[in-house]
Amino acid sequence: MASLEAPLVLAVVGRRGVGKTRVIEGLIKALKARGLRVSTAKHVPEEEFSLDRPGKDSWRHAEAGADAVTIVAPREVSTIRRLRGRALGFEDVVAWASEGCDILLLEGFKGLIGSRQDVPKVFVVGGADEASEVEAKGEIRPVLAFVGPEEGELRGLKAPYFSFSEIDKLAELILKRFKPEERAEVLLFFNGRKVPLNEFVRKVLRSLILAFASCLKGIEVRGDEKVRILVEER
């Protein structure tokens with residue numbers, strides 16, 4: 001199975017109705033076919049939007065003050081978090097949506113990640129003219145690739161262009177640019193931000209965590225486990 005030192009966060013952006021979800025669907029299928037674990041996060045701009053419904057037990061839990069409500073059903077698990085006026089940050093989205101994945105695909109979130117250099121963007125456009133305009137403005141960067149309706153190579157663009165029928169080629173570009181490798185043995189996140197670790201610290205943390213875990217009932221340490229540490233302030 002291919003794997004990235006994940007999560008790679010990749011944003012699919014573009015104006016409403018241009019085909020972002022179509023691109024996301026294609027990328028999910030193409031990346032899953034290559035053995036990668038894929039998660040997604042979708043931005044919904046409507047202020048009053050909610051997955052919960054007034055009167056439901058889960059709604060009553062949240063209304064009583066619960067910060068997060070997890071709903072466990074036979075076929076799915078959903079967690080609803082009430083922001084209660086708190087501004088949502090990029091690190092929050094990544095921390096909540098990327099657990100256990102190799103690649104996190106964001107649909108939308110242009111205002112949140114538009115100029116973040118650590119988030120490559122796939123820009124979905126209506127045609128070559130729009131792609132040229134996006135590059136000329138330079139407000140959204142870095143643009144890894146454009147996707148649009150035209151077939152064939154488009155000249156004059158800095159970023160490569162793919163048609164909607166070439167999403168498989170786009171997946172290949174992603175894997176080529178962000179080369180697959182073994183996942184890091186230890187990942188440390190502090191308040192949603194990935195903390196760089198040198199080799200010595202990784203080894204020490206991994207040894208300590210697995211040593212403690214091996215003392216717990218019902219846990220059998222094989223020695224090839226990956227360790228993920230999440231630290232969040234209250």
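Starting with the highest mean, order 50-62, 21-33 by the number of other Cβ atoms within 10 Å, averaged over the residues of each peptide.
On the way: 50-62: 12.8, 21-33: 17.7.
Highest-to-lowest ranking by the protection proxy: 21-33, 50-62.
For the chain, the carbon plus sulfur part of the accessible surface works out to 51%, probe radius 1.4 Å. Solvent exposure of the chain, expressed per residue, is 63 Å² of accessible area, with all protein chains present and a 1.4 angstrom probe. Most tightly packed first, judged by the mean number of other beta-carbon atoms within 10 Å of their residues, the peptides 144-151, 41-48 read 144-151, 41-48. Under 20 Å of direct C-alpha separation, and excluding same-chain neighbours fewer than eight residues apart, residue 42 reaches these lysines: 20, 29, 32, 110, 121. The mean sequence separation of alpha-carbon pairs under 8 Å and at least six residues apart, normalised by the residue count of the chain, gives a relative contact order of 24 percent.
If the viscosity is 1.002 mPa s and the temperature 20 °C, what Stokes-Einstein diffusion coefficient in µm²/s follows for the chain when Rh is the Kirkwood radius over Cα pairs?
Stokes-Einstein gives a translational diffusion coefficient of 107 µm²/s.
About the Cα centre of the chain, how large is the charge dipole given +1 on each Lys and Arg Cβ and -1 on each Asp and Glu Cβ? Please answer in debye to the nearest 20. Intermediate results must be reported in sequence, preceding the final value.
Values: 39 positive and 36 negative charges, 85 e Å.
About 400 debye.
The values are calculated or read from the model by the stated rules, or taken from the named source; none is laboratory data. What you see is a predicted model, and the numbers here were worked out from it, not measured in a lab. Note that we place each Cβ from the backbone using ideal geometry, even for glycine, and neighbour counts take in every protein chain shown. For the accessible areas, the whole protein counts, side chains as well, though only heavy atoms, and no ligand, DNA or RNA atoms are used. Shrake-Rupley method; radii C 1.70, N 1.55, O 1.52, S 1.80 Å.
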